[in-house]
Amino acid sequence: MATLTSSITIDKPVEAVWNYFTDLANNMKWRSDLKEIKQTSPGAVGVGTKFSEVSEFMGQKMETPQEITAFDVNKKFGVKSAGGPIPFSGDFTFEPSEGGTKLSVQFEFSPGGIFKLAEGMVVAQAQKQFEGDFARLKQLLEAM
């Protein structure tokens, strides 16, 4: 099991960051790996909502069904995979910070298949990707 953490401070109120982040369609604008995302369960987004992503990681296209595990408005958004080659669970936390928002993530994952052979590289690439994606998210939100 590998653990990945990252955080960034965004010069926007927690509510603005939360609202943008939890609108699943917005993920296409800031996540570099994401090719497609769709909600697969009915209703408003919240705990138990299921969705599916098509992404590309280390040159491999993956479809990953997921479920929202935490939805504490303006505080915590949790997600876990429900299949795919890299089982994971993670929490994003939102905290007020000097007039803005500190957005943090902690992910745990277990690379399988081809990814297990290169676990160290997978962890390094995932860390780099999170940091780059968070930087893009910050740039998008602060320009709004």
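Where a number appears in this text, it was derived from the coordinates with a stated rule and is not lab data. Treat the numbers as computed from the prediction; the structure is a model and nothing was measured. Positions of Cβ are backbone-derived with ideal geometry, glycine not excepted, and every protein chain shown enters the neighbour counts.
Results, tabulated for the structure shown:
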{"read-out": "Unit charges at the beta carbon, dipole of the chain: most positive-side option, 74, 17, 47", "value": "47"}
{"read-out": "Electrostatic dipole magnitude of region 8-72 [Cβ: Lys, Arg +1; Asp, Glu -1; Cα centre; debye, to 20]", "value": "160 debye"}
{"read-out": "Computed lengthening from residue 56 to residue 121, 0.36 nm per intervening residue step minus Cα-Cα distance", "value": "21.9 nm"}
{"read-out": "Note, ³J(HN,Hα) from phi for region 98-108, Karplus 6.51, -1.76, 1.60, rounded to Hz, x at Gly and Pro", "value": "6, x, x, 10, 8, 9, 10, 9, 9, 10, 10"}
{"read-out": "Cα-based shape type of region 1-105, given that a ≥ b ≥ c are square roots of the gyration tensor eigenvalues and the cut on a/c is 1.5", "value": "prolate"}
{"read-out": "Dipole magnitude of region 2-143 about its Cα centre (Cβ charges: Lys, Arg +1; Asp, Glu -1), debye to nearest 20", "value": "200 debye"}
{"read-out": "HN-Hα J in Hz across region 85-94 - Karplus 6.51, -1.76, 1.60, θ = phi - 60°, x for Gly and Pro", "value": "x, 10, x, 8, 8, x, 10, 10, 10, 10"}
{"read-out": "Given 12/80; 50/75; 76/138; 38/128; 35/138, the pairs whose alpha carbons are separated by over 23 Å", "value": "12/80; 38/128"}
